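Shown next, in structure tokens, is the structure this report addresses.
Just so you know, all these numbers are worked out from the coordinates, no wet-lab data involved. Keep in mind that what you see is a predicted model, and the values were worked out from it rather than measured. Neighbour counts run over all protein chains shown; Cβ positions are idealised from the backbone, glycine included.
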Amino acid sequence: MTQEFKFNVLAQDGAARRGVLKTAHGDIRTPAFMPVGTVATVKGMTPEAVRQTGADILLGNTYHLMLRPGSERVRKMGGLHKFMNWERPILTDSGGFQVMSLNELRTLDENGVTFKSHIDGRKFELTPERSMQIQNDLDATITMAFDECTPFPATHEVAADSMRRSMRWAKRSRDAFEHRTGYGLFGIVQGSIYEDLRSESIDALTDIGFEGYAIGGLAVGEGQDNMFSTLEVTTPYMPTDKPRYLMGVGKPDDLVGGVMRGVDMFDCVLPTRSGRNAQAFTRYGTINMRNARHQEDPRPLDAECRCPACTNYSRAYLHHLFRAKEILGSVLLTWHNLHYYQDLMEGMRNAIEAGALADFALEFHAAQEQGDIDPL
């Protein structure tokens, strides 16, 4: 029988939760970080390699996949899991964020959004109903409700109008979603940095009822202080028996701060994008592998990391790859960054189970402030 879609909280430490989300495509250990596979691939990585980093779930992008290769084609090929050879859970965002970022290429009304493709200029319409259909074609384990991502900064009036439109679209998304055992639909809390609007959004979404709840409209330029303060007045009012997903976040210290404020799931392009641009995340901070100080350094990038970049290659070699503009440099550093992110999530899961997340956070910040190892 197909596994029911169910979230179990296994341990708590303050606001932080250690849990497991059971789905039709397997279990997701939380807190979880989801690597971003925008167009059905995590850039520079095979699905097998992504799994080796410890990832339980990937994220795909509705907007990009509807344009190319098209959701109908993916459906004909057996769905996204078979198409990209990833049999584990996949979450697809609704396309709202990408469409909203098109600016001059789109028009918005109560029905949805009409936009021109950034690829070839063809005109498309994306509505809550169409977004649900596309995500169903893709066979997404977790489907996201179609919403309007409120820009920052926004006045209270603008944020309120945007949030309320998203709530109306959330109801239409719920009505159009095809229920299948082991699959779920997440609503998205909006309201910018305004506590009363976030509260109103949560009330509207819980009245509709979803399998999980995301926090949208953050990581859009408001800064970490505003993001954390918004989380502090949002997560306490979200359902305790459903997963909470902070969309588009973030840097390692964002993840630690988010978990401590009750977030269960995260996604971000940062580890893969940074890996392609010679930036490595380590327990002792970020490192630019193009810096000349690495060119004769025989030591590993991070002696405590077990990824292939750290166990098999020196800093000098990684530096050489980027200076020579070899693809392998991007592959190895992407692999390392994803591995580091998954190690960080595992460390927090273990700390929550032990009731020691505050100590974990103190050690994390102390190591980050200490900085990278001294030059030879």
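So what's the angle, to the nearest 10 degrees on a 0 to 90 scale, between helix 156-176 and the longest Cα principal axis of the chain?
With both axes taken from Cα atoms, the answer is about 80 degrees.
Given that just one value was derived from the coordinates, which of [x] 1.02; [y] 0.97; [z] 1.00 is Rg/Rh (Cα atoms, Kirkwood Rh)?
Checking each listed value against the structure points to [y].
Would you mind checking the tilt of helix 327-354 against the longest principal axis of the Cα atoms of the chain, expressed as 0 to 90 degrees and rounded to 10?
70 degrees
About the Cα centre of the chain, what is the dipole size in debye to 20, counting +1 per Lys and Arg Cβ and -1 per Asp and Glu Cβ, all else neutral?
1340 debye
Order of Arg293, Arg283 from fewest to most other C-beta atoms within 10 Å?
Arg293, Arg283
Given the Cα-Cα distance of Lys76 and Glu296 and 0.36 nm per residue of separation, how much length would full extension add, in nm?
Stretched fully, the Lys76-Glu296 segment lengthens by 74.0 nm.
I need the GluC sites (Glu not before Pro) found in region 137-201, filtered to DSSP loop residues with at most 11 other beta carbons within 10 Å of theirs.
When the GluC sites (Glu not before Pro) of region 137-201 are filtered for loop state and at most 11 Cβ neighbours within 10 Å, Glu178 remain.
Between 0 and 90 degrees, rounded to the nearest ten: what's the tilt of helix 357-370 against the longest Cα principal axis of the chain?
Long axis of 357-370 versus the principal axis of the chain: about 50 degrees.
Which residue, Val249, Gly355, Ile90, has the largest displacement toward the positive end of the dipole of the chain when charges sit on each Cβ (Lys, Arg +1; Asp, Glu -1)?
The listed residue farthest towards the positive side: Ile90.
Provide the per-residue ³J(HN,Hα) series for region 75-85, in order, calculated from phi with Karplus coefficients 6.51, -1.76, 1.60 and θ = phi - 60°, each as a whole number of Hz, with x at glycine and proline positions.
3J(HN,Hα) across region 75-85, in whole Hz: 4, 4, 8, x, x, 5, 4, 6, 4, 9, 6.
May I ask you to derive the relative contact order of region 6-268, considering only C-alpha pairs under 8 Å and at least 6 residues apart, and to give it as an integer percent?
So the answer I get is 19 percent.
What size of dipole, in debye to the nearest 20, comes out for region 275-370 about its Cα centre when the only charges are +1 on Lys and Arg C-beta atoms and -1 on Asp and Glu C-beta atoms?
I would put it at about 540 debye.
Let me have the relative contact order for region 91-228, percent, based on Cα pairs under 8 Å that are six or more residues apart.
22 percent.
Net charge within 9 Å of Cys305 by Cβ-Cβ distance, Lys/Arg positive one each and Asp/Glu negative one each, not counting Cys305 itself?
My count for the surroundings of Cys305 gives -1.
Provide the per-residue ³J(HN,Hα) series for region 302-311, in order, calculated from phi with Karplus coefficients 6.51, -1.76, 1.60 and θ = phi - 60°, each as a whole number of Hz, with x at glycine and proline positions.
Residue by residue, region 302-311 yields 8, 5, 8, 8, 9, 6, x, 4, 8, 8 Hz.
About its Cα centre, how strong a charge dipole does region 1-73 have in debye, to the nearest 20, once Lys and Arg get +1 and Asp and Glu get -1 at the Cβ?
Value, rounded to 20: 80 debye.
Quick check on the chain: helices-only [θ] at 222 nm, where DSSP H runs of length 4 and up contribute -39,500 (n - 2.57) each and the sum goes over total residues. Nearest 500, please.
Roughly -12000 deg cm²/dmol at 222 nm, from the helical runs in the chain.
Quick one: which residues, 5 or more positions from Ala16 or on another chain, have an amide H under 5 Å from its amide H? H modelled 1.01 Å from N in the peptide plane, none for Pro or chain starts.
Close amide H contacts, sequence-distant or interchain: Gly262.
Out of Gly212, Tyr317, Ser162, whose Cα points farthest toward the positive end of the dipole of the chain (charges: +1 Lys, Arg; -1 Asp, Glu; placed on Cβ)?
Tyr317
In whole angstrom, how far apart do the alpha carbon centroids of region 331-376 and region 242-315 sit?
Cα centroid to Cα centroid, the span is 9 Å.
Of Ile193, Ile215, how do they rank once you tally other Cβ atoms within 10 Å and put the fewest first?
Neighbour counts put them in this order, fewest first: Ile193, Ile215.
Around Arg293, with a cut-off of 14 angstrom between Cβ atoms, what is the net charge of the other residues, counting Lys and Arg +1 and Asp and Glu -1?
Its environment carries a net charge of 0.
Do any cysteines in the chain lack another Cys Cβ under 4.7 Å, and if so which?
Isolated Cys, the chain: Cys149, Cys268, Cys307.
Counting only pairs 8 or more residues apart or on different chains, how many lysine pairs in region 6-268 have their Cα atoms under 24 Å apart?
11
How high is the relative contact order of region 170-257? Use alpha-carbon pairs under 8 Å, at least six apart in sequence, and give a whole percent.
29 percent
What chymotrypsin sites (Phe, Trp or Tyr not before Pro) in region 271-376 are in a loop by DSSP, with at most 10 other Cβ atoms within 10 Å of the Cβ?
Sparse-neighbourhood loop chymotrypsin sites (Phe, Trp or Tyr not before Pro): none present.
Cα gyration tensor of region 140-233, axes a ≥ b ≥ c as square roots of the eigenvalues: rounded (a/c below 1.5), prolate (a/b > b/c) or oblate?
The shape class here is prolate.
Provide Arg323, Arg198 in ascending order of the number of other Cβ atoms located within 10 Å of each residue's Cβ, fewest first.
Ascending Cβ contact count within 10 Å gives the list Arg323, Arg198.
Show the residues, 5+ positions off or on another chain, whose built amide H is closer than 5 Å to the amide H of Leu301.
Those lying under 5 Å, H to H, from Leu301 are Arg315.
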